[in-house]
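Quick notes on the structure that follows.
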Amino acid sequence: MPDSLRNKSTIAGNPMTDVAEILESRADPTRADQTPTFTFFTPTRNRAQVLHRVYDSLRVQTRRDFEWVVVDNCSEDNTREVVSQWFGEAPFPIKYVRPSENRGLGNSYQLAMSYARGELIFTIRDADAFEPNTIERMADHWYAIPAAERDGYVGVSCNTHDENHVLIGTRFPSDVFDSDYCESTYRSHVSGEKWGMQRLDLMREYMLPPPKGYLGWYPESIVWRRIAQRYQTRYINDEACAPPTTRMSRARVSEGRRLGGAMPMACPSILARH
């Protein structure tokens, strides 16, 4: 059963992130003193029927040093009950956070980054699935960067493909390509949907909250351009790292843009699989 905390306090420095409820699964006593290396963040609203895709993918990962933070943006379905039923069986920590009112996806990011404990953060949409070795492969690419140089990188990103295994966009100029958003986009002409993980400390620093009352689309390029002034990304031509982007995911993003239920990914795209 979960431990639950209920409060109406605000996160320091961000008065828009009132929290109505937090539920946490009990920590595995054998790992209670360990801080997770990775955080998976899932923003959701009224998607209880598909959230199991993320949970099922996380449950079978070959690398287990991660946590899952679910920010439920005031769902009107049984999302809370669905997530809490996994608390007793999940082999990793789960944190369920529900704001006091619908504040849009930009503020869901602020909440996730406030409660995340990992060194690196993935954003995974609520209908998405991915391969059992996804974390392991991405971690290998990150730790292949020499330790003395790693402070100059924000994270690792890879290509994505659709449900028919067709590449979405273009490949990077080389299989391992150290660059930044501006250089890769405007000089190397890399296009299409990419996915990856980023350092949590830098996302906290550079991901600005949206204007008060704004629930619409938050262009991720605003964040990437700021980060590109100081940090590189390790881009990799390894589609096997990323989940496939299906019609359901693409429709979800389009719906968010059209209706103002924004889907601005900290890592621009990720994939669902039927």
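Out of the range 233-252, which residues are in contact with an Asp or Glu (Cβ under 7 Å, 6 or more places away or on another chain), part of a strand (DSSP E or B), of a type outside the set (D, E, K, R) and at pLDDT 65 or above?
Thr233, Ile236
Examine the range 216-232 for a residue that is more than 30 Å from Glu101 (Cβ to Cβ) and assigned to a strand (DSSP E or B), and state whether such a residue exists.
Yes.
In this structure, is Thr185 more than 25 Å from Thr39 (Cα to Cα) and polar (S, T, N, Q)?
So Thr185 passes the test.
Sort out which residues of the range 182-207 are more than 18 Å from the chain's Cα centre (by Cα) and not in a loop (DSSP other than H, G, I, E, B), and write them in order of number.
Correct list: Cys182, Glu183, Ser184, Thr185, Tyr186, Arg187.
Within the range 71-82, identify whether any single residue is touching a Cys at 6+ places or on another chain (Cβ under 9 Å) and either farther than 17 Å from Pro209 by Cα or small (Gly, Ala, Ser) (or both), and answer yes or no.
Checked against the condition, which is being touching a Cys at 6+ places or on another chain (Cβ under 9 Å) and either farther than 17 Å from Pro209 by Cα or small (Gly, Ala, Ser) (or both), the range 71-82 yields no hits at all.
For the range 12-43, which residues satisfy the criterion of being modelled with pLDDT under 95, among the hydroxyl-bearing types (Ser, Thr, Tyr), closer than 21 Å to Ile135 by Cβ and buried (at least 20 other Cβ atoms within 10 Å of the Cβ)?
If the condition is that a residue be modelled with pLDDT under 95, among the hydroxyl-bearing types (Ser, Thr, Tyr), closer than 21 Å to Ile135 by Cβ and buried (at least 20 other Cβ atoms within 10 Å of the Cβ), then Ser25 is the only one that fits.
Need pairs with beta-carbon distance below 7 Å; first residue surrounded by 13 or more Cβ atoms within 10 Å (Cβ to Cβ) and within the range 208-224, second of a type in the set (D, E, K, R); sequence gap 6+ or separate chains.
Matching pairs, first to second residue: Trp217/Arg257.
If you check every pair at least six apart or on different chains, which have Cβ atoms under 7 Å apart with a residue in the range 160-172 that is basic (Lys, Arg) first and a residue that is surrounded by 13 or more Cβ atoms within 10 Å (Cβ to Cβ) second?
Here the result reads Arg171/Asn159; Arg171/Asn237, each pair linking the range 160-172 to a residue that is surrounded by 13 or more Cβ atoms within 10 Å (Cβ to Cβ).
Looking at the range 152-170, can you tell me whether even one residue there is buried (at least 18 other Cβ atoms within 10 Å of the Cβ) and assigned to a helix (DSSP H, G or I)?
no
The values are calculated or read from the model by the stated rules, or taken from the named source; none is laboratory data. Here the structure is a predicted model, which is why all the values come from computation and not from measurement. For neighbour counting, all protein chains shown are included, and Cβ atoms are generated from backbone atoms with ideal geometry for every residue, glycine included.
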